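Colleague: I am attaching a structure below and will ask some questions about it afterwards.
The values are calculated or read from the model by the stated rules, or taken from the named source; none is laboratory data. Model, not experiment: these values are computed from the prediction. Cβ placement follows ideal geometry from the backbone for every residue including glycine, while neighbour counts extend to all protein chains displayed. Heads up: the accessible areas ignore ligands, DNA and RNA and are worked out on the full protein's heavy atoms, side chains in. Shrake-Rupley method; radii C 1.70, N 1.55, O 1.52, S 1.80 Å.
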Amino acid sequence: AQTIHQWPVAEIKAVGSPLSLGCTIKGKSSPNLYWYWQATGGTLQQLFYSITVGQVESVVQLNLSASRPKDDQFILSTEKLLLSHSGFYLCAWSLGGANTGQLYFGEGSKLTVL
Amino acid sequence: GDSVTQTEGLVTLTEGLPVMLNCTYQSTYSPFLFWYVQHLNEAPKLLLKSFTDNKRPEHQGFHATLHKSSSSFHLQKSSAQLSDSALYYCASMSNYNVLYFGSGTKLTVEP
């Protein structure tokens, strides 16, 4: 069975500080990987996606970056946090092709920027 | 990119009554449409996905019909259950790998 693990579960950070959120998928080879952001009470907004190791595509610009250093790992980061970065960050995976869009989400990382 | 509109932010129903949550979309192409459900303190999960051959997807008593003429993919269920209380998101995908979500509808089912 496939599992998806996100870390940390929650972070409280200061404006201007760096951030790194991680996601690991086990039990699935070469999945498509995604990062989503959900503001409190808001919708899900796709930030990045990756089809293969080392390749990441940006969907929206929010002063964040993403990397896929390994087949099963997806990292979201920034060097300087803004207040607007607060929210819930969800990692997801899917199969490719016709199954793209059928996302399996992790439990998320809650970020509070003060 | 695509856009998805869910007009109802909050829907409150009595158990046993029918459910209908609205979803309309705008897209340059013919997108796939999805319904995701998010229960309190849980991650979103796929509920339904549209088919290319106009079949009506069904899951857990929910169904949705893709109407290209009206660009709609409304979610329906004949009889609401207390356990259906959750946040429901409609989503559209015309470009593989980019999924656009609507603003969500919070469904509350009361006894």
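Colleague: Of A:SER94, A:SER86, which residue is closer than 25 Å to B:GLU42 by Cα and in contact with a Pro (Cβ under 9 Å, 6 or more places away or on another chain)?
Modeller: Selected residue: A:SER94, the only one of A:SER94, A:SER86 that is closer than 25 Å to B:GLU42 by Cα and in contact with a Pro (Cβ under 9 Å, 6 or more places away or on another chain).
Colleague: To continue, here is another question. Please work out which residue is nearest to the other protein chains (Cβ to nearest Cβ), limiting yourself to segment B:69-111 and to residues that are charged (D, E, K, R) and part of a strand (DSSP E or B).
Modeller: B:LYS106
Colleague: Please find, among B:HIS67, B:HIS63, B:HIS39, B:HIS59, the residue that is surrounded by fewer than 20 Cβ atoms within 10 Å (Cβ to Cβ) and touching a Leu at 6+ places or on another chain (Cβ under 6 Å). Don't jump to the end; show me each part of the working.
Modeller: On the way: B:HIS67 fails: touching a Leu at 6+ places or on another chain (Cβ under 6 Å); B:HIS63 fails: touching a Leu at 6+ places or on another chain (Cβ under 6 Å); B:HIS39 fails: touching a Leu at 6+ places or on another chain (Cβ under 6 Å).
Being surrounded by fewer than 20 Cβ atoms within 10 Å (Cβ to Cβ) and touching a Leu at 6+ places or on another chain (Cβ under 6 Å) holds for just one of B:HIS67, B:HIS63, B:HIS39, B:HIS59, which is B:HIS59.
Colleague: Another one. Show the residue pairs that are 6+ apart or on different chains and have beta-carbon atoms under 7 Å apart, the first residue being within segment B:89-111 and under 19 Å from B:ALA43 (Cα atoms), the second being among the acidic types (Asp, Glu).
Modeller: Filtered contacts from segment B:89-111: B:SER92/B:ASP2; B:TYR100/B:ASP2; B:THR105/B:GLU8; B:LEU107/B:ASP84.
Colleague: Of all the residues that make up segment B:28-68, how many are within 13 Å of chain A (Cβ to nearest Cβ) and assigned to a loop (DSSP other than H, G, I, E, B)?
Modeller: The total comes to 12.
Colleague: Go through segment B:1-22 residue by residue and tally those that are within 30 Å of A:SER58 (Cβ to Cβ) and in a strand (DSSP E or B).
Modeller: The number of residues fulfilling the criteria is 3.
Colleague: Condition first: touching a helix residue (DSSP H, G or I) at 6+ places or on another chain (Cβ under 9 Å), in contact (Cβ under 8 Å) with a residue 60 or more places away in the chain, over 22 Å from B:GLY1 (Cα atoms) and surrounded by 20 or more Cβ atoms within 10 Å (Cβ to Cβ). Can you find one or more residues in segment A:70-88 that meet it?
Modeller: no
Residue by residue, here is whether (1) on the phi < 0 side of the Ramachandran plot; (2) over 12 Å from the mean Cα position of the chain (by Cα); (3) open to solvent by less than 20 Å² (accessible area, probe 1.4 Å) holds:
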position	(1), (2), (3)
A:TRP7	yes, no, no
A:ALA10	yes, yes, no
A:LYS26	yes, yes, no
A:TRP35	yes, no, yes
A:LEU44	yes, no, yes
A:SER50	yes, no, yes
A:GLN55	yes, yes, no
A:ALA66	yes, no, no
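Colleague: Kindly indicate the residue of segment A:89-107 that is open to solvent by less than 10 Å² (accessible area, probe 1.4 Å), at the interface with another protein chain (Cβ under 9 Å from one of its Cβ atoms) and in contact (Cβ under 8 Å) with a residue 24 or more places away in the chain and also farthest from the chain's Cα centre (by Cα) among those meeting that condition.
Modeller: Per the stated criteria, the residue is A:THR100.
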